[in-house]
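The values are calculated or read from the model by the stated rules, or taken from the named source; none is laboratory data. What you see is a predicted model, and the numbers here were worked out from it, not measured in a lab. All Cβ positions, glycine included, derive from the backbone under ideal geometry; neighbour counts span all protein chains shown.
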C-alpha cells in the first residue's frame, strides 16, 4: 500500500472512531434522561439489576458468537478488574447523584471528563497534547459552566457522587484505550456483570425493591439496551482514535440535552445556554482542527484484526 493510501486509510479509521463516539454520546444522553426518570421512583439497586438484565438482550448474541470461553481469556487481568470497578463506580454513582441533584448539575461534573481524560492520556498513554488544545479543552469546560449554571446544591454530599463518578468515567475511557486488544464484547460484558452484582448487593442490603408495572419494567430493560449500545460504540471508538481527540466530543452531551429537553419536555434553551453551547462547539472543532494540522495518526489508532 502506498504511503498516501495508508495515511488516508488510517484517517478514515480515526474518522469512524469519531462518528462512533458521537452516536455513543447521543445514546448516553438518552440513558441519562431515562435513568433520571427511573431513579425518581425506584431504588438504584433495583434499576441496576433490571438494567443489567436488559443489557444481555444485546450482549447475549455477541457472547454466543464470540464464544463464552473468550470472556476469560483476557490480557492484564488486574487492569481489567480495575476497569470493571471504575465502570461500576461510574454507573452506580451517576444514578445515586441524579436521584438527589438536577440532571444538569450532575452533567456539569461529567463534562469535566474531557479534562481528566486529556491529562491522563497525556501522562499514561503517551498522547502528546499541545498548549493550544489544552487551552481549548479548558475553554470548552468554561462553556459548560456558562450553559449549565451549577447550583449551590453542588456543595452537598450527592455532589461528591457526581465528582467521583465523573473521574471513574474518565479512568474507564483511558483504560478502554489501553486494553484495546480485548474485544468490545468482553469489556462490556464484564462491566455489565459487575453492575448486576452491585445491584443485587444493594437490594439485599437495603431490601428496597418496589413493585413495577410493565411500562416500568420495559423502561428499565430498554435502559440496559441503550446503555449497552452506547458503551459498545464508545469502546470501539476508543480503539479507532486517540482518547485525547475523542474526549472533547463528550461536550456534545450538552447539545443533545438541549435537543431532548425541547423535544420531550418542551424546554426552550435561553441565551446563556446557547452561548455556552456555542463555546463548547467552537472548542471541540478547534481541537479537531489542530489534530488535523499536526497530521499525526499514531499506529495504535489501527485496531488489531479480529476485533
Here the residues within segment 215-234 that are surrounded by 22 or more Cβ atoms within 10 Å (Cβ to Cβ), more than 24 Å from residue 144 (Cβ to Cβ) and within 11 Å of the chain's Cα centre (by Cα) are 228
Pairing a residue in segment 185-207 that is on the phi < 0 side of the Ramachandran plot with any residue that is surrounded by fewer than 22 Cβ atoms within 10 Å (Cβ to Cβ) and not in a helix (DSSP H, G or I), where Cβ atoms lie under 7 Å and the two sit 6 or more apart in sequence or on different chains, gives 186/74; 187/179; 203/209; 206/43
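Here is a yes/no grid of residues against (1) modelled with pLDDT of 70 or more; (2) in contact with a helix residue (DSSP H, G or I) (Cβ under 8 Å, 6 or more places away or on another chain):
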position: 260; (1), (2): yes, yes
position: 264; (1), (2): yes, yes
position: 271; (1), (2): yes, no
position: 281; (1), (2): yes, yes
position: 288; (1), (2): no, yes
position: 293; (1), (2): no, no
position: 301; (1), (2): no, yes
Any idea which of (1) over 26 Å from residue 242 (Cα atoms); (2) at pLDDT 75 or above; (3) buried (at least 18 other Cβ atoms within 10 Å of the Cβ) is the one residue 140 doesn't satisfy?
(1)
Every residue in segment 38-76 that is in a helix (DSSP H, G or I) and loosely packed, with under 15 Cβ neighbours inside 10 Å, please.
57, 60, 61, 64, 65, 68, 69, 72
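Residues are listed down the side, and each one gets a yes or a no for (1) under 17 Å from residue 228 (Cα atoms); (2) within 18 Å of the chain's Cα centre (by Cα):
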residue	(1), (2)
172	yes, yes
180	no, yes
184	yes, yes
187	yes, yes
193	yes, yes
200	no, no
203	no, no
